[in-house]
1. Give the residue that is modelled with the highest pLDDT, with candidates limited to residues of the range 507-524 that are outside any loop (DSSP other than H, G, I, E, B) and open to solvent by 80 Å² or more (accessible area, probe 1.4 Å).
2. Could you tell me which residue of the range 294-307 is nearest to Y329 (Cα to Cα), considering only residues that are touching a residue at least 12 places away in the same chain (Cβ under 8 Å) and open to solvent by 40 Å² or more (accessible area, probe 1.4 Å)?
3. For the range 154-212, what are the residues that are more than 30 Å from V58 (Cα to Cα), open to solvent by 10 Å² or more (accessible area, probe 1.4 Å), of a type in the set (A, V, I, L, M) and in a helix (DSSP H, G or I)?
4. Exactly one condition in (1) free of Cβ contacts under 8 Å to residues at least 60 places away in the same chain; (2) open to solvent by 40 Å² or more (accessible area, probe 1.4 Å) is not met by W533; state its number.
5. Sort out which residues of the range 378-391 are in a helix (DSSP H, G or I), of a type outside the set (A, V, I, L, M) and open to solvent by less than 50 Å² (accessible area, probe 1.4 Å), and write them in order of number.
6. What number of residues within the range 446-487 are open to solvent by 30 Å² or more (accessible area, probe 1.4 Å), aromatic (F, W, Y) and part of a loop (DSSP other than H, G, I, E, B)?
7. Search the range 179-202 for residues that are closer than 10 Å to F302 by Cα and pair each with any residue that is open to solvent by less than 10 Å² (accessible area, probe 1.4 Å) and among the β-branched types (V, I, T) when their beta-carbon atoms are under 7 Å apart and the residues are at least 6 apart or on different chains.
8. Looking at the range 536-568, which of its residues are open to solvent by less than 60 Å² (accessible area, probe 1.4 Å) and part of a loop (DSSP other than H, G, I, E, B)?
Amino acid sequence: MQPSSFSRREHLRALWPWLPVWTLVALVGIFSHGPMPMYSTRTLAVAWEMWNQHHWLVPHNNGEPYSEKVPLVFWMIHAGWLVWGVNDIWPRILEVIYGGAQLILVSVLGHRLFPNRAWVAKAAPWLLMSLAYAFFFGLQIMYDVLLAVWVLAALLCLTPRADRSEPRWLFFALFIGLGLLTKGPVMLLHVVFPWLLGPLWNDWARANRGRWYGRGVAALLGGFAILLCWALPAGFSGGEAYRQRLFFTQTAGRVVDAFDHAEPFWFYAMWLPALLFPIIAWPRAWAAVASLRRPLDPGVRFALCWIVPVFVCFSLISGKQPYYPLPEYAGFALLVAGAVSSFREKRPDLAFNYALGTWPLALGGFAVAAGMFILPNLVESGQAHDSWFVDFSHYSRYFAIVYFILGALLLLRGRGETRRLAIAGLVGTLALNTLFTLSSWQRFDLTPAAVYLGRAQAEGKAVGNLAYYEGQFHFAGRMDQPVTRLREGQELFDFAKAHPDGLVVTYGTKLDSDELRYAQLVQPFRSDFLVIWKAAALAALRQGHQPAEPATSTLIYPPGYWRYKALK
């Protein structure tokens, strides 16, 4: 067998079994329920409006140019729709493909950065797929998972290969450009520090600083040139207001005094336990990282040059969301895998010591199982009366068995501890997602309301939303006209006067007799209720008048839901 053929075969063998395990679990998870409001529904709404209105260059949301995002994700959705028609299956399959690509790329990075530690390339994908938050967010039809793919691909271009030490600058520029087309200038924040700090981890960069920085700058400019190939014609096509937001407001407005998602500097530090679970509760990972001593492996230095400055920068930026540092999860997996691999060699007495094993996570699994088992009793006795607990209690005992088994798995000794951790994390997260689907998805499924509104709009009726509208009805309802954003008071009354047969959507924490008597449709939404009214009826109620009796009874979704029975 030729060496190249042998190498390819070894790489294929290395993909087994984590890639098929991830693919199966991700497909089950993402198709357990429909697209989640507001993230997934908003992305689909923009893609649908671009498709339906033939706005191929400028993304649109609710009839207006949408400057918050760049178009690559929407174009990739459109590519599938060209073949299979408009659907929400292809966008979800795309997310699974993106997640699998991340795992492959982090494995290749592990092989490149730790050439003398083959275990790292095998372990890093397991560690990455174990992270619960990354899995949950990977079920959203969003931009950050694809962004993580381009970040990893760009950083892979900087790493040395056995037959070539110099980075592949053209591909580095290409992947930067694709990242910029996926989520804008934030792409640079994810890749710039491993490049700027290259001499600290890369021997070629240390020996060729001039070429490293000179060609790196050229690659960054090349990436921006790719972005400008879209942004310049889009800016002129979208108009002055869109151009101003696209080139200035969106990025600057999130860095200092953010207009959206402003949080204190310690926000990410507070979220770390949730973002890095379950690895953060694995004692061996902590012991391995704490045991790192100079001289550090190039791969460890690479991971530190990547995740530490990015974490600091994200903490200093005003606008924050837990999913913003999603690409850095791969860097964390590489750091832990590299540290544990070194720990195994330098401290074999501790590297396989049971006291540093996964038993704390096992105890956590048993605690979750116990809580789920007694939850129905707590609900029945009135000690747990929150509606979420009531919903979960209908199925919680079945899932208590799952978490008990996972706890037992994590108590096992011997080889394969990393794989057991990953399987438990992945299956435990899937189980929680499945429990949510069975018990609480009706709180998020806006399909009944969206279909009703879409049908009304097709009949020529105007639709208003008495709150900030984020496109949550547009895709499922296949709506082709904007939804009017309304405020209480005169705006509502003016809308009702102009469109007495129009529909208005409201949201409230409680239902009363008026909602159940005069509304067109009622359904739960998160912890509230979503109510669709005829505009004239709602305006009359708000003005203290009694509306005319509706011609049909109120549609209630889902039929037989216990919260409606509780109202009676």
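1. Of the range 507-524, the ones outside any loop (DSSP other than H, G, I, E, B) are 507-508, 513-518, 521-524.
Within this subset, residues satisfying the condition of being open to solvent by 80 Å² or more (accessible area, probe 1.4 Å) are 513, 517.
Working: S513: 80, R517: 90.
So the residue we want is R517.
2. Residues of the range 294-307 that are touching a residue at least 12 places away in the same chain (Cβ under 8 Å), as a first pass: 297-307.
Filter again for open to solvent by 40 Å² or more (accessible area, probe 1.4 Å), leaving 297-298, 301, 304.
Values: D297: 19, P298: 18, R301: 16, L304: 12 Å.
Out of the qualifying residues, it is L304.
3. L156, L196, L200, A207
4. Single failed check for W533: (2).
5. Step one: of the range 378-391, the residues in a helix (DSSP H, G or I) are 378-381, 387-391.
Remaining after also requiring of a type outside the set (A, V, I, L, M): 380-381, 387-389, 391.
S387, D391, listed by residue number.
6. Total meeting the criteria: 1.
7. Matching pairs, first to second residue: F193/V310.
8. To start, the set of residues in the range 536-568 that are open to solvent by less than 60 Å² (accessible area, probe 1.4 Å) comprises 536-541, 547, 550, 554, 558, 560-561, 563-564.
Result: P547, P550, T554, P558, G560, Y561.
The values are calculated or read from the model by the stated rules, or taken from the named source; none is laboratory data. Note that the structure is predicted; figures quoted are calculated from it, not measured. So basically every Cβ, Gly included, is an ideal-geometry build from the backbone, and we count neighbours across all protein chains shown. To get the accessible areas, we keep the full protein, side chains included, count just its heavy atoms, and leave off ligands, DNA and RNA. Shrake-Rupley method; radii C 1.70, N 1.55, O 1.52, S 1.80 Å.
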